[in-house]
Amino acid sequence: MRAAMYYANDDVRIVDLPKPKIGPGEVLVKVHSSGICGSDVMEWYRKPKAPLVLGHEIAAEVVEVGAGVDQVKVGSRVFVSHHVPCGACRYCLAGHETVCETLRTTNFDPGGFAEFVRVPAINVKHGVFPLPTGLPDDEAVFVEPLACVVRGQRLAGFRPGATVVIIGSGVAGLLHIKLAKSVGTTRVIATDIVDYRKEAAHKAGADVVIDGRQNVPAKVRSGNDGHAADFVVTCTGDREAIAQGLASVDRGGTVLFFAPCEPTAKIELPFNDLWREEVTMTSSYAGSPRDIQESIAILSKKRIAVADLITHVLPLAEAGKGFRLVAHARNSLKVVLRP
């Protein structure tokens, strides 16, 4: 089978790999659509592990089932989660499934930028979800990134009537805008430094869009009746942008850290200000099975639209072009590969 082997953002090679063979409890799926995630182009994270086949935002069809598999059948359209929790450890039982050690050590074989993927038994048990007939494959690649957003907003405690600031308007930021608007937030303010993404933020429903090179905290207040925001979501690991977010949250508000920094980055905190103003800082990573189920429901019921976020649909042979588009992020949003 064909697969896109990652070496670097500017070095993605189409290779021939053996078609995976499945065992008891396992499933083989044929990938229909696979989205390129922003995390796929974080070279500080990916290059040390290269070469490898990436891709974790997939819509697929079951083509083989192993002995003992009865929850899906050949021909079923499914979303498959690459990382799955055990569901029984102290973290899972406390609602922190995404810090479960099992989640951090599981994956499917190989990544989703391949024609076929073997789904291990534990992923079949905890990470295979039927896709509704009304949810197209290309839109179903948003199941995983939207699940991450669902989890983040749930953990942060988003509520109707609140004001929200989204720092960074890439795909994650745009999904945050759309979901926040869908739950009835009063005002959503977005930032970015790229004109293309600022315009996308407007189209996604942001009430105010600020150029990130300006005085963001001051602009937030001027666009919010003189007040800072109830909730701030940092969708970028840029240190200056994170500082802007910390300075844009209101008294009693919450900052949600949604994106990583480079491993050596140091972030300074205005500790006394945060302490005195009772600011809550929290973070979220990935999505749990319940977040994935909610994400599928949101997409299938059209609570938010995502088709407008798809800017490029490419064959697997053009995976290199797709990676370059996402890495430079100047004139693209979601790039979908069709193996």
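The values are calculated or read from the model by the stated rules, or taken from the named source; none is laboratory data. A quick note: this is a predicted structure, and the numbers were derived from the prediction, not measured. With ideal geometry, Cβ positions are generated from the backbone for all residues, glycine too; neighbour counts draw on all protein chains shown. When the accessible area is computed, the model is the full protein with side chains, heavy atoms only, and any ligands, DNA or RNA have been set aside. Shrake-Rupley method; radii C 1.70, N 1.55, O 1.52, S 1.80 Å.
Based on the Cβ-Cβ distance of Arg90 and Arg159, what FRET efficiency does E = 1/(1 + (r/R0)^6) give at R0 = 35 Å, to the nearest 0.05?
Values: r = 29 Å, r/R0 = 0.82.
Efficiency, from the Cβ-Cβ distance: 0.75.
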On the full set of protein chains, 1.4 Å probe, figure out the accessible area of Lys302 and give it in Å² to the nearest 10. 110
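How long are the semi-axes of the equivalent ellipsoid of segment 207-339, taking √(5λ) for every eigenvalue λ of the Cα gyration tensor, in whole Å from largest down? Spell out each step's value before the answer.
Details: eigenvalues 203, 72, 55 Å².
Equivalent ellipsoid of segment 207-339: 32, 19, 17 Å, largest first.
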When the charge dipole of the chain is computed with +1 on Lys and Arg Cβ and -1 on Asp and Glu Cβ about the Cα centre, the Cα farthest towards its positive end, among Asn9, Gly223, Phe108, belongs to Phe108
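Would you work out the relative contact order for segment 19-178, in percent, from Cα pairs under 8 angstrom that are 6 or more residues apart?
Working: 274 pairs, mean separation 43.2, N = 160.
The value is 27 percent.
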With everything on Cα atoms, drop me the angle between helix 171-182 and the longest principal axis of the chain, reported from 0 to 90° to the nearest 10. 70
Length released on extending from Asp10 to Glu262, taking residue separation times 0.36 nm less the Cα-Cα span: 88.8 nm
Could you work out which residue, out of Asp109, Asp16, Asp250, moves most in a Gaussian network model of the chain, that is, has the largest mean-square fluctuation with Cα springs under 10 Å? Asp16
I'd like the Karplus ³J(HN,Hα) series for segment 89-97: coefficients 6.51, -1.76, 1.60, θ = phi - 60°, whole numbers in Hz, and an x wherever there's a Gly or Pro. 7, 4, 6, 4, 5, 8, x, 10, 4
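So what's the net charge close to Thr234: Lys and Arg +1, Asp and Glu -1, counting the other residues with Cβ under 13 Å from its Cβ?
Details: positive: Arg239; negative: Asp192, Asp238, Glu240.
Summing Lys/Arg as +1 and Asp/Glu as -1 gives -2.
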Here the alpha-carbon Rg of segment 1-108 over 2.2 N^0.38 Å rounds to 1.21
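Using heavy-atom solvent-accessible surface (probe 1.4 Å) with all chains present, what is the largest-first order of Arg221, Arg151, Arg338, Arg187? Intermediate results must be reported in sequence, preceding the final value.
Details: Arg221 85, Arg151 0, Arg338 120, Arg187 55 Å².
Largest accessible area first, the residues go Arg338, Arg221, Arg187, Arg151.
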Under a 10 Å cutoff between Cα atoms, tell me which one of Glu26, Glu240, Glu115 has the largest fluctuation in the Gaussian network model of the chain. Glu240
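Output the relative contact order of the chain, whole-number percent, from Cα pairs under 8 angstrom with separation of 6+ residues. Write out the running numbers ahead of the final one.
Values: 779 pairs, mean separation 66.9, N = 339.
Reported relative contact order: 20 percent.
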Among the aspartates and glutamates, select those whose C-alpha is under 14 Å from the C-alpha of Lys198, and discard any that sit fewer than 8 residues away in the same chain. Asp207, Asp211
Scalar couplings 3J(HN,Hα) for segment 23-30 by Karplus 6.51 cos²θ - 1.76 cosθ + 1.60 (θ = phi - 60°), nearest whole Hz, x for Gly and Pro, are x, x, x, 9, 9, 10, 10, 9
Checking the cross-link filter: which aspartates and glutamates have an alpha carbon closer than 17 Å to that of Lys19, excluding same-chain neighbours under 8 positions apart? Glu61, Glu64, Asp109, Glu115
Exceeding 18 Å between C-alpha atoms, which entries from my cross-link table qualify? They are Lys30/Lys73; Lys178/Lys203; Lys203/Lys321. Lys203/Lys321
Taking the chain as the reference, fit the longest principal axis to its C-alpha atoms, fit the long axis of helix 289-300 to the helix C-alpha atoms, and give the angle between the two in degrees, 0 to 90, nearest 10. 90
So for Lys266, Lys321, what's the accessible-area order with a 1.4 Å probe, most first? Lys266, Lys321
For a quick check of understanding: with a 1.4 angstrom probe and all protein chains in place, what accessible area in square angstrom does Met5 have, to the nearest ten? 30
Find the relative contact order for segment 215-337 and round it to a whole percent, using C-alpha pairs within less than 8 Å whose residues are 6+ positions apart. 17
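With +1 assigned to the C-beta of every Lys and Arg and -1 to the C-beta of every Asp and Glu, and no other charges, what is the dipole magnitude of the chain about the Cα centre in debye, to the nearest 20? Walk me through the intermediate numbers first.
Values: 39 positive and 37 negative charges, 63 e Å.
The dipole magnitude comes to about 300 debye.
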Residues with amide H under 5 Å from that of Asp250, placed H, sequence gap 5 or more: Ala229, Asp230
Counting Lys and Arg as +1 and Asp and Glu as -1 over every other residue whose Cβ sits under 12 Å from the Cβ of Glu26, the net charge comes to +1
Under a Gaussian network model of the chain whose springs join Cα atoms within less than 10 Å, the largest fluctuation of Ala228, Ala172, Ala88 belongs to Ala88
Space enclosed by the convex hull of the alpha-carbon atoms of segment 184-227, per residue, Å³: 55
Between the modelled labels at Val74 and Arg213 (7 Å from Cα along Cα→Cβ) the distance in nm is 5.8
With a probe of 1.4 Å, find how much accessible area the chain has per residue, and write the answer as a whole number in Å². 44
So how far apart, in nm, are the two label points at Ala307 and Thr282 if each is 7 Å from Cα heading toward Cβ? 3.4
Give me the distance in nm between label points sitting 7 Å out from Cα along the Cα-to-Cβ direction at Leu274 and Val63, one decimal. 4.9
From phi via Karplus (6.51, -1.76, 1.60), per-residue ³J(HN,Hα) for segment 63-77 in Hz, x at Gly/Pro: 10, 8, 10, x, 4, x, 8, 10, 7, 9, 10, 4, x, 5, 8
Using alpha-carbon coordinates alone, the radius of gyration and Dmax of segment 152-255 in Å work out to 11.7, 33
Dipole check, the chain, charges on Cβ (K,R +1; D,E -1), about Cα centroid: among Ala265, Gly245, Ile189 the Cα furthest to the positive pole belongs to Ile189
